[in-house]
Amino acid sequence: MPSYNTSGSNEALQVKRELPVGAPDQNIGWGSDVIAEMLRRLEIPFIALNPGASYRGLHDSLVNYLGNEKPQMLMCLHEEYAVSIAHGYSKATGKAMAVALHSNVGLMHGSMAIFNAFADRVPMLVLGATGPVDATLRRPWVDWLHTAQDQGALVRNFIKWDDQPASIEAIPESISRAWKLTNMTPSAPVYVCLDAAIQEEATAADFTMPDFTRTQPAAPSRPARDSVIKAVEKLSAANNIVILYGRGARTGSAMQHRVKLAEKLGAKMMTDLKSGVMVPTDHPLHVGAPFNKLPPTHRKVLQQADLILSVGWIDLGGLLQQAFDKSYPEKAIIHAGQDMVLHNGWGKEHFALAPIDIELVGDPDAAVSDLLTEIQDWPQRSLPETSTTQPPAHSDNALSLRDIASALKIATGDDPVTFAALARGWPFDLWPMRHPLDYLGKDGGGGIGSGPGLVIGAALALHQSNRLT
């Protein structure tokens, strides 16, 4: 785990790595070596795990073939934390990390955290394992208990894809496909179940690793241009636009594009507490604080709008119900996103069906970029003045979030801080969020106990920066 430097300097944090005795064996001699080699070729930095016999072959290869490097093993005491660490890492980086779960029992333990990651739409490569599928190779009792006919069925309803390769030769393609799918938007975890017997099977003398350089994840999809043109026509006719910023890339350039779009349109911006920082919370066009349940002040702003532009908003239908008393609002609604391609009916995370006049089906950030391209020649709108009114002081003796924020701000000084999660009611007026990594949003699915893993994963992702997590 990261060893924290508390001296106040900006020296990068260091992650210590345990080294195996002796030099790693560079020969791909076993099925498990093939798995390990794929992880290295995919440049996966870490794999969180709780050791189990069903993937003892892979564990052996991570140590004796890779030397516990690229990926480096992160020892966890519970599978939920292994998954939530990978979840936090992905929230901070936008990239997938690997997880190894022992057999059906480990998958059962990790399933709630996988659901969180699925609901949060983050990429993640989950490697599972089963006892020998060939019954003649199973040890009495334990291998029978830890073998499942269709192990992926335990989580298939809340992952993007799963597979169980039936030979050494099938492993590279399975992992490569999983990696491609999890890293394509909309992202979600994928699961590859590995047969214990195949892991410990020797490779053929003529075995060679396939070349998967031409199977990389595709770029985010863009909305149809005719839909973008129709959206621009609607926007040009509107006088009071509100932009709802939901899920999006956690990068400086993506944030700048979102702000620029609002400034070009003279549009008010609202953000979701579940999504993290998509635009600076103290920008003159940002309405109040990020919220989970629609506040009365925000409700009034939405009711006064003549056009609502939703960009990756998580529950547009539910928000409109809160704002307009479950009736269809008589105003133009544009929505950018492609979350609907993951909806399978098992869960109801598709939320209420929203009335949409123009749908920009594609990556939300790509939609922002395309809209900006079409309106780049529009005149720049003047921005409203930023309020200088000081928030009221806390008057009673009860400890509040305002007290905690004030004390924490004094304690951290000028050091940049990343919040892996925040409670409702956080005083954004005291502590505004201006950087995409200042606050990473909620856990996605409301699963209990997610906080410690998320903060460890985020800290791991940011260990080479000077950020406190």
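The values are calculated or read from the model by the stated rules, or taken from the named source; none is laboratory data. Just so it is clear, the structure is predicted and the values come from calculations on it, not from any experiment. As a convention, Cβ positions derive from the backbone with ideal geometry for all residues, glycine included, and neighbour counts pool all protein chains shown. Heads up: the accessible areas ignore ligands, DNA and RNA and are worked out on the full protein's heavy atoms, side chains in. Shrake-Rupley method; radii C 1.70, N 1.55, O 1.52, S 1.80 Å.
Couple of notes before you dig in:
- Failed condition for A166, given (1) in a strand (DSSP E or B); (2) aliphatic (A, V, I, L, M); (3) open to solvent by 50 Å² or more (accessible area, probe 1.4 Å): (1)
- Looking at region 62-140, the strands (runs of 3 or more DSSP E) lying wholly inside it that each contain 3 or more residues that are in contact with a Cys (Cβ under 8 Å, 6 or more places away or on another chain) sit at 124-130.
- Taking the numbered list (1) within 30 Å of G445 (Cβ to Cβ); (2) aliphatic (A, V, I, L, M); (3) at pLDDT 95 or above in turn, L399 passes all entries but (3).
- Single unsatisfied condition, E233 versus (1) among the acidic types (D, E); (2) buried (at least 18 other Cβ atoms within 10 Å of the Cβ); (3) free of Cβ contacts under 8 Å to residues at least 12 places away in the same chain: (2)
- Residues located in region 23-61, provided they are more than 29 Å from V142 (Cα to Cα), outside any helix (DSSP H, G or I) and open to solvent by 20 Å² or more (accessible area, probe 1.4 Å): A23, P24, D25, Q26, N27, L42, E43, P45
- Some residue of region 317-331 being in contact with a Leu (Cβ under 7 Å, 6 or more places away or on another chain) and either modelled with pLDDT under 90 or outside any helix (DSSP H, G or I) (or both): yes
- Within region 173-204, the set of residues being over 19 Å from L62 (Cβ atoms) and either aliphatic (A, V, I, L, M) or crowded, with 18+ Cβ neighbours inside 10 Å (or both) comprises L181, T182, N183, M184, T185, P186, S187, A188, P189, V190, A204.
- T386 falls short on exactly one of the conditions (1) outside any helix (DSSP H, G or I); (2) in contact with a His (Cβ under 9 Å, 6 or more places away or on another chain); (3) within 29 Å of N116 (Cβ to Cβ), and that condition is (3).
- Residues of region 143-163 satisfying the condition of being open to solvent by less than 40 Å² (accessible area, probe 1.4 Å) and not in a loop (DSSP other than H, G, I, E, B): D143, Q151, G152, F158, D162
- Taken over region 309-322, the criterion of being crowded, with 20+ Cβ neighbours inside 10 Å and either basic (K, R) or farther than 18 Å from S221 by Cα (or both) is satisfied by L309, I314, L316, L319, L320.
- Among the residues of region 395-414, just one is in a loop (DSSP other than H, G, I, E, B) and either in contact with a helix residue (DSSP H, G or I) (Cβ under 9 Å, 6 or more places away or on another chain) or surrounded by 12 or more Cβ atoms within 10 Å (Cβ to Cβ) (or both), namely S400.
- Residue count, region 333-346 (criterion: assigned to a loop (DSSP other than H, G, I, E, B) and either aromatic (F, W, Y) or in contact (Cβ under 8 Å) with a residue 60 or more places away in the chain (or both)): 3
- When L273, L302, L294, L316 are checked against the criterion of being aliphatic (A, V, I, L, M) and over 22 Å from G445 (Cα atoms), a single residue qualifies: L302.
- Scan region 424-435 for residues that are open to solvent by 50 Å² or more (accessible area, probe 1.4 Å) and either of a type in the set (K, R) or at negative phi (or both) and the total you get is 5.
Conditions (1) in a loop (DSSP other than H, G, I, E, B); (2) under 22 Å from W313 (Cβ atoms), marked per residue:
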| site | (1), (2) |
| --- | --- |
| D429 | yes, no |
| K442 | yes, yes |
| I448 | yes, no |
| I456 | no, no |
| L460 | no, no |
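A quick yes/no check of all residues on (1) open to solvent by 40 Å² or more (accessible area, probe 1.4 Å); (2) in contact (Cβ under 8 Å) with a residue 40 or more places away in the chain; (3) within 20 Å of A238 (Cα to Cα); (4) of a type in the set (A, V, I, L, M):
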residue	(1), (2), (3), (4)
K331	no, no, yes, no
K348	yes, no, no, no
P355	no, no, yes, no
V368	no, yes, yes, yes
L372	no, yes, yes, yes
P379	yes, no, yes, no
E385	yes, yes, no, no
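- Positions within region 336-355 being over 18 Å from the mean Cα position of the chain (by Cα) and not basic (K, R), in sequence order: A336, N344, G345, W346, G347, F351, A352, L353, A354, P355
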